[in-house]
Amino acid sequence: MKLHELHINDFKFFPEVDPNSPLLKIKGNHVLIYGENGSGKSTIFWALYTLLECSLKDDDDQVRKYFKKTGKDSLVNIHAIGRNNSHIKAVLKDDNGTKKVYKVSRKKRDLRIRGNSDVQESNMASDFINYRVLFQLHNLKHSKDNDLFHWFLEEVLPYVKRGSNPCLDEYNKLIQGPGKYRNIHGDDVYPVPSLRTHTNPGEKAHYSDYLTFKRRVKTWSDWLKSFLETIMNIANNTINTDFGYDLKLKFDYTRFDFSISENDFNPKPPEIRIKIIEYEGIQNPKINKPHTFLNEAKWSAIGMSLRLAILDTKLFAADLKCLVIDDMLLSLDMGNRDVVLDILLNRYTSDYQLIMMTHDRSFYEIIKRRIDLRRESNNWLITEMYSDELSTKPKPYFKPLKPSLHIASDYFKQHDYPACGIYLRKETEKILSELLPSKFRKVPDRDDPNKLVDAALNDLILGLRPFCKAENVNYSKYEKIKIYKDAILNPLAHNDVDVPFFRKELEELMNTIELLTHFKRSRSFHKSNKNTNFILRKPDGSYYSVRMKVKEEIKLIEEKDENLRISIFSKCKVSSVDNNGTITTQEENFDNLREVYEEMCSRFSLALIQGDISNVFDYDGQDFTTKLNQMNV
């Protein structure tokens with residue numbers, strides 16, 4: 001099942017439910033929300049968290065306290081009056097339209113969520129991650145010790161199953177010690193090891209209680225050890241493959257233990273420490289304090305890899321499986337942030353319903369763009385949140401979102417042609433900035449020619465023609481953008497009342513820009529630093545083999561009604577060439593794939609392939625068609 005509606009009423013920053021709220025129109029989609037600070041986006045995080053967590057509470061008062069106006073634990077909106085109706089309600093539906101409702105409030109009928117096994121399962125299967133998760137790991141990095149058990153106890157183990165039961169059910173019993181018995185003197189005491197040789201048969205019989213308890217401790221400790229090994233294996237793969245760090249880790253695990261006497265029981269919690277067993281090719285390096293040795297980027301990558309590995313262990317059936325993320329990625333550097341974003345979008349959108357929130361505008365735009373490039377916009381609810389400053393009481397305001405091209409169309413229909421021109425300019429600038437490689441969208445700074453800056457729209461438009469020529473794209477389809485550049489896309493023209501904005505020209509330009517929205521160069525096809533070899537052959541059987549790697553990822557060119565192909569704009573480095581058995585090892589750098597292809601054809605006196613050269617190269621052992629099929633494009 002998926003979340004279709006989220007009703008938040010008089011809870012934290014949210015007042016009464018707004019019937020026009022996009023949260024009532026989730027319809028099973030993933031959710032992306034930009035919310036400025038103070039807009040109430042974190043209320044969404046805590047509403048879902050509170051709804052599911054209430055299923056685990058021990059008594060009704062532990063639930064009711066959140067929805068009462070008074071009390072230090074109250075989460076009721078501060079502007080709610082009288083007998084408020086503070087509540088949280090989630091409406092779930094499956095593919096057949098079958099509906100299920102989770103609701104919690106202080107009312108008796110809604111307190112039945114406590115102990116509801118369906119909600120408990122959903123809580124165990126879902127995950128809530130915010131900046132606090134990595135913040136705690138960063139605090140640990142700057143501490144004297146790197147014992148992670150407390151972090152596991154707080155953030156991980158409450159949501160992990162051992163068999164069919166929460167793993168902490170047994171641990172919480174074990175830390176209380178074995179049950180006491182009444183000895184021959186009438187005292188209630190713990191069973192101890194010395195009972196094995198006790199002379200009194202009745203007393204000696206309780207030695208089995210001690211052994212049973214010891215076996216339970218060992219069984220739980222063995223389970224935790226196995227769990228830690230499993231997640232570390234997954235985390236190491238993520239650290240190496242996704243983050244690209246050459247290191248391998250293991251957990252140094254000190255088992256759960258205890259000391260016991262007749263009158264005292266002292267549990268000794270497990271200790272979990274990270275140990276580096278391989279670092280940049282060095283086996284078993286002598287690194288005593290890895291948490292201080294590793295830089296912030298690597299430590300964050302380790303933390304995220306562990307968190308995601310833990311997520312992989314929670315793939316069990318439940319009504320609702322949500323992954324709710326509130327500004328978690330902002331504590332990462334940009335490189336790690338991109339890696340985690342790729343992992344989330346590539347691996348978790350099929351098993352989880354993602355709800356991602358951020359107050360970072362630029363990062364929000366990056367996520368939106370990634371979703372668009374994956375052709376998955378229809379699977380997402382994307383919205384923006386602000387604090388409604390026109391309201392007498394603070395409340396969230398969800399801004400209706402429209403692409404600039406749609407806004408331009410609206411103004412066109414209203415005969416507001418200058419406004420239409422402004423939004424066409426915005427859309428054109430956005431498309432070309434994302435389409436063109438740096439060669440065409442970067443220009444020397446006027447004050448410092450050695451420094452490259454973003455090109456203005458005029459330069460972007462002028463760069464479109466040579467870009468299309470280099471990529472073997474029919475430029476004539478987009479030529480009207482250049483023709484109407486000065487009359488419509490020049491911002492100065494919008495303030496000149498003597499410049500006529502002709503309806504026909506605007507309509508033609510809108511149609512051209514609409515066509516341009518389908519021209520994309522952004523989907524990653526082949527990662528940087530990967531082998532991209534190729535072999536040239538003559539009719540007589542002689543060959544010319546080139547070994548090289550791309551220094552930038554290879555992207556796909558996508559056009560409406562055209563076959564997919566690679567973009568040539570990827571810098572590359574040749575390491576060696578094999579001329580029919582004579583190998584020459586010499587590094588050579590090239591600005592793009594066509595340049596290296598044409599140079600090698602020239603050296604070997606072979607005719608060039610005109611147009612698409614996608615099938616020339618071998619992509620880390622795969623041909624173009626095979627790799628494309630694996631991408632399910």
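The values are calculated or read from the model by the stated rules, or taken from the named source; none is laboratory data. As the structure is a computational prediction, the values presented were derived from the model and not from experiment. No Cβ is skipped: glycine too gets one built from the backbone with ideal geometry, and neighbour counts run over all protein chains shown. Please note that ligands, DNA and RNA were not included when accessible areas were found on the heavy atoms of the full protein model with its side chains. Shrake-Rupley method; radii C 1.70, N 1.55, O 1.52, S 1.80 Å.
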From the options D209, D222, residue that is surrounded by 14 or more Cβ atoms within 10 Å (Cβ to Cβ) and either in contact with a Pro (Cβ under 8 Å, 6 or more places away or on another chain) or modelled with pLDDT of 95 or more (or both): D209
Kindly list, by first and then second residue, each pair from a residue in the range 284-297 that is under 14 Å from K250 (Cβ atoms) and touching a residue at least 24 places away in the same chain (Cβ under 8 Å) to a residue that is open to solvent by less than 80 Å² (accessible area, probe 1.4 Å) and of a type outside the set (K, R), limited to pairs with Cβ atoms under 6 Å and residues at least 6 apart or on different chains. P290/I274; P290/I276
If the Cβ limit is 6 Å and pairs must be 6+ apart or interchain, which residue in the range 396-421 that is part of a helix (DSSP H, G or I) pairs with which residue that is open to solvent by 50 Å² or more (accessible area, probe 1.4 Å)? S404/Y423; S404/K426; I407/Y423; A408/Y423; A419/Y411; C420/Y411
Just to be sure before I move on: is D591 without any contact (Cβ under 8 Å) to a residue 12 or more places away in the chain and within 34 Å of the chain's Cα centre (by Cα) in the structure I sent? no
Between residues in the range 502-530 that are in contact (Cβ under 8 Å) with a residue 60 or more places away in the chain and of a type in the set (K, R) and residues that are open to solvent by 20 Å² or more (accessible area, probe 1.4 Å) and part of a loop (DSSP other than H, G, I, E, B), which pairs lie under 6 Å by C-beta distance while being six or more apart or on different chains? K530/D620
If I ask for residues that are part of a helix (DSSP H, G or I), surrounded by 13 or more Cβ atoms within 10 Å (Cβ to Cβ) and within 29 Å of the chain's Cα centre (by Cα), which ones from the range 616-633 would you list? F624, K627, L628
So for the range 460-477 (the condition being touching a Leu at 6+ places or on another chain (Cβ under 7 Å), at pLDDT below 85 and open to solvent by less than 30 Å² (accessible area, probe 1.4 Å)), does at least one residue qualify? no
Filtered residues of the range 392-432 (kept if surrounded by 14 or more Cβ atoms within 10 Å (Cβ to Cβ) and of a type in the set (S, T, N, Q)): S404, S409, T428
Every residue from the range 603-615 that is open to solvent by 30 Å² or more (accessible area, probe 1.4 Å) and within 21 Å of E471 (Cβ to Cβ): A607, L608, I609, Q610, D612, N615
Every listed condition ((1) in contact with a Leu (Cβ under 8 Å, 6 or more places away or on another chain); (2) among the hydroxyl-bearing types (S, T, Y); (3) open to solvent by less than 60 Å² (accessible area, probe 1.4 Å); (4) modelled with pLDDT under 85) holds for Y131 save (3)
From K204, K180, grab the single residue that is out of contact with any helix residue (DSSP H, G or I) (no Cβ under 7 Å at 6 or more places or on another chain) and either open to solvent by less than 20 Å² (accessible area, probe 1.4 Å) or at pLDDT 90 or above (or both). K180
Name the residues in the range 154-177 that are modelled with pLDDT under 90, open to solvent by 30 Å² or more (accessible area, probe 1.4 Å) and part of a helix (DSSP H, G or I), would you? E154, P158, Y159
State all residues of the range 351-399 that are hydroxyl-bearing (S, T, Y), modelled with pLDDT under 90 and in contact with a strand residue (DSSP E or B) (Cβ under 9 Å, 6 or more places away or on another chain); if no residue qualifies, say none. Y364, S391
If you go through I184, I234, the only one that is touching a residue at least 24 places away in the same chain (Cβ under 8 Å) and either closer than 25 Å to N336 by Cβ or assigned to a loop (DSSP other than H, G, I, E, B) (or both) is I234
Complete set of residues in the range 36-60 that are outside any loop (DSSP other than H, G, I, E, B) and among the hydroxyl-bearing types (S, T, Y): S42, T43, Y49, T50, S55
Qualifying residues in the range 557-593 (those that are among the charged types (D, E, K, R), in a strand (DSSP E or B) and out of contact with any Gly (no Cβ under 9 Å at 6 or more places or on another chain)) - the one most open to solvent (accessible area, probe 1.4 Å): E587
Out of all the residues in the range 309-325, which are closer than 20 Å to L344 by Cβ and open to solvent by 10 Å² or more (accessible area, probe 1.4 Å)? D312, T313, L315, F316, A318, K321
Please work out if I274 is at pLDDT below 90, surrounded by 15 or more Cβ atoms within 10 Å (Cβ to Cβ) and out of contact with any Gly (no Cβ under 7 Å at 6 or more places or on another chain). yes
If you go through the range 75-95 one residue at a time, how many are surrounded by fewer than 16 Cβ atoms within 10 Å (Cβ to Cβ) and either more than 24 Å from L320 (Cβ to Cβ) or among the charged types (D, E, K, R) (or both)? 7
Total residues in the range 237-266, condition over 28 Å from V340 (Cβ atoms) and surrounded by 16 or more Cβ atoms within 10 Å (Cβ to Cβ): 4
Among the residues of the range 603-615, what is the count of those that are under 28 Å from E558 (Cβ atoms), assigned to a loop (DSSP other than H, G, I, E, B) and out of contact with any strand residue (DSSP E or B) (no Cβ under 7 Å at 6 or more places or on another chain)? 5
Residues in the range 183-201 that are hydrophobic (A, V, I, L, M, F, W, C) and either open to solvent by 20 Å² or more (accessible area, probe 1.4 Å) or at pLDDT below 90 (or both) total 1
In the set I239, I272, I287, which member is in contact with a Lys or Arg (Cβ under 9 Å, 6 or more places away or on another chain) and not in a helix (DSSP H, G or I)? I287
